[in-house]
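A.B. asks: Here's a structure for you.
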Amino acid sequence: MRSSVMKNLQTLALLALATFFISISGSLPLLPVLTGPDVAYVGSRAAFRCVAPNSSLPVTYELIRNGSVLVATVADLQEDQTASFYLKVAATMEGSYRCKATTRGSTAVSNSIKLTVVTPASNTRVTSEPFPPVAYEGSRIELSCSVAKGSHLFYTWFFNRTEVTSSTSPLVLLTGNKLVMGKVAPEHAGYYYCMAWSRVQDTRRFSSSSEVQVTVKVYVSKPRISFSISKEGGSRRGNVTCWSTRGSPPVNISLSVDDTEVGSVTAAQSLVAWFPVPVEPGQHTAVARCRVKTEVQELMSEPVTLEMVPVGGDVKVEVEYLYSADSRLTAAKLSCQVSRGTFPLVSWLLNNSGLPSETDVDSAIPPVLYHGALTDCRRTLVLAKLGPEESGYYRCRARDSYNDSGSWVESPAVLVRATEVFLTTIEVLTITFCCLLFLTLAVAVGCVYKMFDHKQETFCVARRSVAIFKVRTFINDCSSTMSASLFVVLLGFCICSKGSSWSILGRPEVIGPSEALVKRVVEFQCELKVYPDNETILLQLFKKDNRDKLLGEFTSLNGEVGTIPMVIKPYHEGGLECVARAQNNSNIEPTVSDTHYLKVVEPVKGAEIAVRSGPMDFFEGQTLELHCELIAGNHVSYKWLLNGQLVPQSPLHHAADNTLLIDRTTSEDSGSYTCVASNHFNETIFNSSSDVMITVKDVVSAPDVSFTVLKEDSFKYSAEVTCQSTRGTPPVTFSLYNRTDLVANITIKERNAIFKVPLVLGQHLGWLQCQANNGDRTEFSQWIPLEVVPVGGPVTMHYDYDVGENYAVIGLKFYCKAAKGSLPRYQWFLNNTLLHDRGSFYYVVNQPPEQSMLLLSVGRRSAGTYHCEVSDSFDNSSSIRSNWQYLDKEALHRLPVSVVAVVFGCFTFLVVLVSICCLVGVMFRRSQHGGRSLLSLEMKGMEAAYEGELDLSEYNEDAELVTMARGGEFDQASEASVDEWPHIEEEKKTLEDEAVEGF
């Protein structure tokens, strides 16, 4: 609109100029004037008007575009008639327009009007980079407002239905049709849309896009791990909790025990997972670690030992008294130290009574009131008030927290009571020394006052640079111990006094700030307290140990304090000294002040980060070295930030002064590094910072290779080979080889690629290997055979069971296995009803391709007939069924007929075997004794025994028979023992002699 007004004003000015020219010249020159719009929408009508004032002859008007294109002509106009040109605006009509007026005698060209043709926006949409607009915090997202057609457009962005401006969103850059978020944060997530609009005078036309959701993912933090014990019935179970404090789900959380993964959970809504682990009391079970894995991160927690050590050993209470600033006893902290035990439960007793917060631990102990609090899992008792109620004997007890019936281990009692503050030996000595010092000063002041009060003859005489003091009656008034120190005090008083006449110079003193800002004017004072009368003193300021460069000087009359202004420069930093000298008296020795240290602060400026280690985009494992370089500044302290957080010190991260060195970088070291250089002057802090973006790329890991089978039609199959690396910064180039032949390769912005390979069932088509490379090195997968064997029978099914108390069956495990098949799919049925992966009483565990397991809990719902079916996972048109198996709780506890038959068969066999052995033994013994019965043998033995007891003298007729019988016995004994042979012979001879004599 403003442009149109300006054009009209210009036209009126031309008309006025033409009228003025006619009035002063009296002639009628041809001066056409063109009016019309300078901007118009496509499809609208634009009116251009051309007039040649005071032209009496017929005039022909031509509207010309861009100096040569004739648009329209209007002829035979007279007087001041206006030529009107009505045009329908098209995109091709944009350009510069002039009007050419022609009469019979002359031709003239009008002023120029530039017409801008505006095309309204249509079909507006939002595009993003990356697409879809999903990125991790700290990354860059660029949104573009694109239109199918439109020109001379303006753009307005909206975030969650609120307009985005530079003031409301300082971290968002609006440029042209783009909205750029250089470093996205979680607060940038939401819904965005744009509006493309154009304006012609007071008319606006808009076109809005649909909303696009921007998702900002938060990097997951390092996982944490904790271990606890819970009691379930009569058993104990360990629980491991893995969690992260920040991050965007979903994440994969897994638990590794002794470097072996024992569980994995994909947390879709939270960042926490729980894993049960077996534990045994008193045994060092294992070391566990949690791993959290996302599409860009893989972090491990600190290790934790899965150990359940019972509470035992010594328990003791340690007491720490807390004092206020005025050394008053205010509180006490009691700590219960348990020498052994992983999960102790601590209870506190005061005078054998439980504390109120401990009544839930042991309700049998009556509680007692007290003012305190328990912290650190009841291990620490803080007594906030010490009074008579809190005084007494404290004990702590500990037992296993997971064993309610466990025994307590108690500590010895410790006496805690509110007492007065007793001073330590050092405190007593300190107070005594201070009192003695104060007394000494008081005596010294009294002696000096007494000396001057009695106006005794005390004078100071100074000649040249030597001062002689004579003090009378001073030693008589003060002890010899105090005389030396008081003499020094009096000497200083005489030197510093201005009441006497001196011919010596005292030492000057530099007075001024200890810290100054560069380029500022600062005044330093040289004060001379002892000076000779009627002398002109020259006070000069130098740097310490540098008398060649004078910093300033001042001429002092009658002890005037010298003021020396200086414009502070960096080299002024250091020690300053003031030299006092008599200007016209060389007999007076110059004196030098004590050193006054000046710190010069130059504000930091022009911080810039220099990457000394090389490129800013590199692979992990290399060294990153950053230097923060300044244009100006001193006394600088440096802070290094990564993505707005301080870079922590670690064995691999070294931040010292202006240098940051990171050894063996990982992808976690990627991000925006900021160097903040700062110094301060008084309360003013000066900062200068610089940023640099460092990208540390993960080297691609060795890929995993696997394939699935696709059935394209009845006789055609293909294999989809998946190459996947768990880590590595995209883009990644994946190559698929069949032995030495390259099958295909592809470069993508993902860590997995899919290749399609033709397949023939039942044939070995070679060995496949994946290769992955993302710019650093090539990694190789394992070789896998490209062979798919269709499922074939028979399908076998068997089971085993778990028993509980009283040998009752509590759990079943069914096993289903096909005779052959590379990619089998197992299905379980109960009473011809398909069992899915998990139910209320069952759980299916597939272990392809070997077998599938069905885990059952025995109960009423699990009774029925079971069978499994196996089919190819890629073709379920046919399947093979196993045998049927009926099971219920009574059948499981009933002894099988085969078992009963085997047991009784074995028992019968043993009975028959023992009977046969006895029969064989009897027959063998009968054959050894000539068929005589055992009864006859026993009778014969009894007769022999009786015969040994008969008196031979009464039966002389049978003496020989008896002798022969006994001789036979001796003969049998000789066979048993050769050593007894002489004795037996002698006895036999004696018997024979007796028999002869009796005969």
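The values are calculated or read from the model by the stated rules, or taken from the named source; none is laboratory data. Keep in mind that this is a model prediction, so the values were computed, not measured. Cβ coordinates were reconstructed from backbone atoms using ideal geometry, including for glycine residues, and neighbour counts include every protein chain displayed. Heads up: the accessible areas ignore ligands, DNA and RNA and are worked out on the full protein's heavy atoms, side chains in. Shrake-Rupley method; radii C 1.70, N 1.55, O 1.52, S 1.80 Å.
A.B. asks: Along the range 566-572, what does the Karplus equation 6.51 cos²θ - 1.76 cosθ + 1.60 (θ = phi - 60°) give for ³J(HN,Hα), rounded to whole Hz, x for Gly and Pro?
C.D. replies: These are the phi-based 3J(HN,Hα) values: 9, 8, 5, 10, x, 6, 6 Hz.
A.B. asks: For the peptides 706-719, 132-145, what is the packing order when you average, over each peptide's residues, the other Cβ atoms within 10 Å and list the highest mean first?
C.D. replies: Sorting 706-719, 132-145 by mean packing, highest first, produces 132-145, 706-719.
A.B. asks: I need the peptides 517-527, 393-403 ranked by packing, meaning the mean over residues of other C-beta atoms within 10 angstrom, with the highest value on top.
C.D. replies: Descending packing order for the listed peptides: 393-403, 517-527.
A.B. asks: Considering only protein heavy atoms, with the full assembly of protein chains and a 1.4 angstrom probe, order Glu779, Glu553 by accessible area, largest first.
C.D. replies: Glu553, Glu779
A.B. asks: Related question: In whole percent, what relative contact order does the range 574-719 give with Cα contacts below 8 Å and a gap of six or more residues?
C.D. replies: That works out to 22 percent.
A.B. asks: Can you list residues from other chains, or at least 5 along the same chain, whose modelled amide H is less than 5 Å from the amide H of Leu517?
C.D. replies: Val601
A.B. asks: Using only the Cα atoms of the range 61-137, what semi-axes does the equivalent ellipsoid have when each is the square root of 5 times a gyration tensor eigenvalue? Give whole Å, largest first.
C.D. replies: In descending order, the three semi-axes are 48, 12, 9 Å.
A.B. asks: On alpha-carbon atoms, Rg over Rh for the range 109-177 using Kirkwood Rh?
C.D. replies: We get a ratio of 1.14 for the range 109-177.
A.B. asks: Then there is this: Take every Cα-Cα pair in the range 230-341 and report what % of them are more than 23 Å apart.
C.D. replies: 52 percent
A.B. asks: As a test question: what accessible area, to the nearest 10 Å², does Trp767 have when a 1.4 Å probe is rolled over all protein chains in place?
C.D. replies: 90 Å²
A.B. asks: Here's another thing I want to ask about it. I'd like the projected area of the range 179-294, averaged over all directions, using the convex hull of its alpha carbons. Report it in nm² with one decimal.
C.D. replies: 11.4 nm²
A.B. asks: Using modelled amide H (1.01 Å from N, peptide plane; none on Pro or chain starts), what sits under 5 Å from the amide H of Leu505, excluding residues fewer than 5 places away?
C.D. replies: Glu589
A.B. asks: Which ³J(HN,Hα) values in Hz, rounded to whole numbers, follow from the phi angles of the range 770-779 under the Karplus curve 6.51 cos²θ - 1.76 cosθ + 1.60, where θ = phi - 60° and Gly and Pro get x?
C.D. replies: Couplings: 9, 10, 10, 8, 10, x, 9, 7, 9, 10 Hz.
A.B. asks: May I ask you to work out the translational diffusion coefficient for the range 730-809 at 4 °C, viscosity 1.567 mPa s, via Stokes-Einstein with Rh from the Kirkwood sum over Cα pairs, reported in whole µm²/s?
C.D. replies: After rounding, the answer is 80 µm²/s.
A.B. asks: Roughly how much of Lys183 is accessible, in Å² to the nearest 10, using a 1.4 Å probe?
C.D. replies: 90 Å²
A.B. asks: P(r) tail for the range 795-891, what percent of Cα pairs lie past 18 Å?
C.D. replies: 43 percent
A.B. asks: Same structure, new question: Please work out the Kirkwood hydrodynamic radius for the range 729-880, using every pair of different C-alpha atoms, and report it in angstroms with one decimal place.
C.D. replies: 18.7 Å
A.B. asks: While we're on this one: Could you estimate the translational diffusion coefficient of the range 144-241 from the Stokes-Einstein equation, with Rh from the Kirkwood formula over C-alpha pairs, at 37 °C and 0.692 mPa s, in whole µm²/s?
C.D. replies: 189 µm²/s
A.B. asks: Can you tell which of Thr729, Ile748, Phe814 lies farthest toward the positive end of the dipole of the range 720-830, using +1 and -1 charges on the Cβ of basic and acidic side chains (Lys, Arg; Asp, Glu)?
C.D. replies: Ile748
A.B. asks: For Val319 and Ala384, compute 0.36 nm times the residue count separating them, minus their Cα-Cα distance, and round to one decimal in nm.
C.D. replies: Extending this stretch completely gives an extra 22.1 nm.
A.B. asks: Residue by residue, what Karplus-based ³J(HN,Hα) values in Hz, rounded to whole numbers, does the range 339-352 have, using 6.51, -1.76 and 1.60 with θ = phi - 60° and x for Gly and Pro?
C.D. replies: 6, 8, x, 7, 10, x, 10, 9, 10, 10, 10, 10, 6, 6
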